[in-house]
1. Tally up the residues in region 25-42 that are among the β-branched types (Val, Ile, Thr) and farther than 15 Å from Val98 by Cα, please.
2. Only one residue in Glu49, Glu106 is out of contact with any helix residue (DSSP H, G or I) (no Cβ under 9 Å at 6 or more places or on another chain), part of a loop (DSSP other than H, G, I, E, B) and of a type in the set (D, E, K, R), so which one is that?
3. Anything in region 1-31 that is aliphatic (A, V, I, L, M) and surrounded by 15 or more Cβ atoms within 10 Å (Cβ to Cβ)? List them, or say none.
4. Inspect region 70-79 for any residue being of a type outside the set (Phe, Trp, Tyr), touching a strand residue (DSSP E or B) at 6+ places or on another chain (Cβ under 6 Å), surrounded by 10 or more Cβ atoms within 10 Å (Cβ to Cβ) and modelled with pLDDT under 95 and give the result as yes or no.
5. Could you say whether any residue in region 133-143 is at pLDDT 50 or above and either touching a strand residue (DSSP E or B) at 6+ places or on another chain (Cβ under 6 Å) or among the aliphatic types (A, V, I, L, M) (or both)?
6. Quickly run through region 1-40 and pick out the residues that are closer than 18 Å to Lys69 by Cα and small (Gly, Ala, Ser).
7. Can you spot a residue in region 60-70 that is touching a residue at least 60 places away in the same chain (Cβ under 8 Å), in a helix (DSSP H, G or I) and not β-branched (Val, Ile, Thr)?
8. Only residues in region 12-36 that are under 17 Å from Val94 (Cα atoms) count as the first member; pair them with residues that are of a type in the set (Phe, Trp, Tyr) and exposed (fewer than 13 other Cβ atoms within 10 Å of the Cβ), Cβ under 9 angstrom, at least 6 apart or cross-chain, and list the lot.
Amino acid sequence: MINKVTLIGNLGGDPEIRHLENGTAVGRFSLATNESYKDKEGNWQKQTEWHNVVVWRELADRAEKQLKKGMMVYVEGKISYRKYTGQDSVERNVTDIVANTLRILEKLEGSSDSRFPTSNDAQMRSSGGTTMPADAPPVPAEGDDLPF
């Protein structure tokens, strides 16, 4: 079975990072993706979807240091559904994207390429704390046996 999401969009705000009692970092940020289409009259319309993204541990620490509102990023992860009861005693359903890969898709300060940063930190991966060069494609997780 597969639960995999890939998004490219712009951050709606700076990541909000907090630390749990055991010191584990968890971060959240919103990500906007856009789709353009022609309506019945032939006019171009733009539809924006907002996604809640959650990052954990080293990925949260790196997101806090490197991500800023408006940046274009590549996010790969899984869909997670949860319920909670608000302060008003109303039960709410939330859909999150739990990221395991983040990649900045624009120039960082000090970078010579206008599309990708040059430092190895451009590829932010949570698996084992490894980093990859900015021009390397995302690597699937071990055990990924997709039929295509």
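The values are calculated or read from the model by the stated rules, or taken from the named source; none is laboratory data. Note that the coordinates shown come from a computational prediction; the quantities given were computed from them, not determined experimentally. Glycine also receives a Cβ, built like all others from the backbone with ideal geometry; neighbour counts cover every protein chain displayed.
1. Result for region 25-42: 1.
2. Every option except Glu106 fails the conditions.
3. Val5, Leu7, Leu11, Ile17, Ala25, Val26, Leu31
4. Within region 70-79 (the criterion being of a type outside the set (Phe, Trp, Tyr), touching a strand residue (DSSP E or B) at 6+ places or on another chain (Cβ under 6 Å), surrounded by 10 or more Cβ atoms within 10 Å (Cβ to Cβ) and modelled with pLDDT under 95), the answer is no, since none of the residues qualifies.
5. Scanning region 133-143 turns up no residue that is at pLDDT 50 or above and either touching a strand residue (DSSP E or B) at 6+ places or on another chain (Cβ under 6 Å) or among the aliphatic types (A, V, I, L, M) (or both).
6. Gly9, Gly12, Gly13, Gly27, Ser30, Ala32 - these are the residues of region 1-40 that are closer than 18 Å to Lys69 by Cα and small (Gly, Ala, Ser).
7. Yes, some residue in region 60-70 is touching a residue at least 60 places away in the same chain (Cβ under 8 Å), in a helix (DSSP H, G or I) and not β-branched (Val, Ile, Thr).
8. As it stands, the answer is Ser30/Trp50; Leu31/Trp50; Ala32/Trp50, since those pairs meet every condition given.
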